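The values are calculated or read from the model by the stated rules, or taken from the named source; none is laboratory data. If you're wondering where the values come from, they're calculated on a predicted model, not measured in any experiment. For neighbour counting, all protein chains shown are included, and Cβ atoms are generated from backbone atoms with ideal geometry for every residue, glycine included. Heads up: the accessible areas ignore ligands, DNA and RNA and are worked out on the full protein's heavy atoms, side chains in. Shrake-Rupley method; radii C 1.70, N 1.55, O 1.52, S 1.80 Å.
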Amino acid sequence: MKRMGMVFRAKANKALDRAEDPRETLDYSYQKQLELLQKVRRGVADVATSRKRLELQMNQLQQQSDKLQGQAQKALEMNREDLAREALTRRSGLHEQQTGLQQQHAALQAEEEKLTTASQRLQAKVESFRTRKESLKATYTAAEAQTKIGEAFSGISEEMSDVGLAVQRAEDKTASMQARAGAIDELIASGALEDVSGTTPQDDIALELDRMSSGSEVEGELAAMKAQLSGSGTPKEISGEAVGAEAPTETPEQKPEGEQS
Amino acid sequence: MIIRIMGEGQWTFDDTGVERLNELDAKVESAVDSGDDATFAAALSELLDAVRAEGTPVPAEELVDSDLILPPSDSTIDDVQHLLADDGLIPG
């Protein structure tokens with residue numbers, strides 16, 4: 001690290017030597033400082049964007065998990081332990097993803113805080129440098145130029161190399177997280193973790209549950225029709241029965257609709 | 001003496017404060033030698049905690065070079081190994 005700081009300072013000194021008027025290097029460095037400040041701020045924004053994307057995915061996974069839980073419950077009520085097991089198995093697969101996302105989220109949040117502080121610190125230092133630079137330019141004499149201007153750089157080069165490195169690290173971290181986030185988006189899109197937005201076709205568990213619901217619905221209607229046909233002699237009594245038989249069969253069909261929306 | 005923790009900022013220390021840090025620095029150094037990441041992480045965070053707790057923060061607007069620079073808190077042994085001088089992170 002000491003070496004890195006020295007490399008950076010050596011570069012600053014080289015720029016100093018090259019300039020015709022050493023005062024120009026002060027302006028040049030100040031320009032670089034402002035650029036770095038912009039870069040850090042962009043870094044903060046990038047990390048925040050990644051964090052928000054993770055939050056979105058965490059929500060999606062949670063909805064998916066809740067839905068599978070509901071499906072398992074429903075399947076069990078219909079005595080389909082195999083379906084319930086399948087739903088719960090998928091749910092536990094989701095749980096692993098969720099834990100991973102939570103850890104990444106915490107890491108990104110820490111990164112965001114660090115960069116925000118770094119950006120505030122750099123801003124204060126850049127402002128100090130500007131003041132120092134202006135006063136040096138005002139009182140500049142050729143005789144004291146090299147040393148005075150060299151001194152003006154103390155602290156700021158080190159800060160810049162540190163902040164520059166911090167931004168680099170943050171960018172590396174976000175890049176690797178974005179790759180993983182992309183993989184999860186693909187998983188959700190592919191149906192392995194079925195999309196809860198309802199735009200994609202229903203998953204097989206939901207289809208099976210629906211088939212069973214509509215099956216019993218059909219049976220119910222059939223039974224009602226048969227009863228009507230056979231008892232046509234006493235319509236008043238039968239119609240009352242038919243209404244009563246229809247009501248309970250409707251409920252299981254409506255439930256899944258409500259859960260999926 | 002001015003100490004920078006990379007990514008966090010700078011702190012000022014007097015000589016007695018630095019002595020105490022040297023003990024913690026020795027721990028970090030032996031942890032690096034041991035190659036055990038958990039031991040290293042614990043030793044480094046102990047050293048950094050001491051810097052944060054016992055040093056006086058350098059105001060953000062102050063422009064001053066550090067006498068020594070410590071690696072960021074989430075460093076691995078690999079990160080740090082090549083930064084280490086023979087004397088450890090803290091010279092002397």
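Provide the packing ranking of A:87-100, A:32-45, i.e. peptides ordered by the mean count of other C-beta atoms within 10 Å per residue, highest first.
Per-residue Cβ counts within 10 Å, averaged per peptide and sorted highest first, yield A:32-45, A:87-100.
Counting only other residues whose beta carbon sits under 15 Å from that of A:Ala179, what net charge do I get with K and R as +1, D and E as -1?
In short, -2.
Between chains A and B, what is the buried accessible area summed over both chains (1.4 Å probe, protein heavy atoms, nearest 100 Å²)?
Chain pair A/B: roughly 2000 Å² of buried accessible area.
How about region B:46-75: which of its residues lose at least 30 Å² of accessible area in the presence of all protein chains relative to their chain isolated, using a 1.4 Å probe?
Residues meeting the cut-off: B:Ala60, B:Glu61, B:Leu63, B:Asp65, B:Ile69, B:Asp74.
How much of the accessible area of region A:28-147, in percent, comes from carbon and sulfur atoms when a 1.4 Å probe is used?
About 51 percent, which is the carbon plus sulfur part of the accessible surface.
Students often get this wrong: which residues of region B:22-39 have the backbone nitrogen under 19 Å from the point 7 angstrom along Cα-to-C-beta of B:Asp49?
Label zone hits: B:22-32, B:37-39.
Determine the residues within region A:157-187 where the difference in accessible area between the chain on its own and the full set of protein chains amounts to at least 40 Å²; count protein heavy atoms only and use a 1.4 Å probe.
So the qualifying set is A:Glu158, A:Asp162, A:Arg169.
Count the net charge of all other residues whose Cβ sits under 14 Å from the Cβ of B:Asp14, scoring Lys and Arg as +1 and Asp and Glu as -1.
-3
Plugging the Kirkwood radius over Cα pairs into Stokes-Einstein for chain B, at a temperature of 20 °C and a viscosity of 1.002 mPa s, what D comes out in µm²/s?
It diffuses with D of about 163 µm²/s by this estimate.
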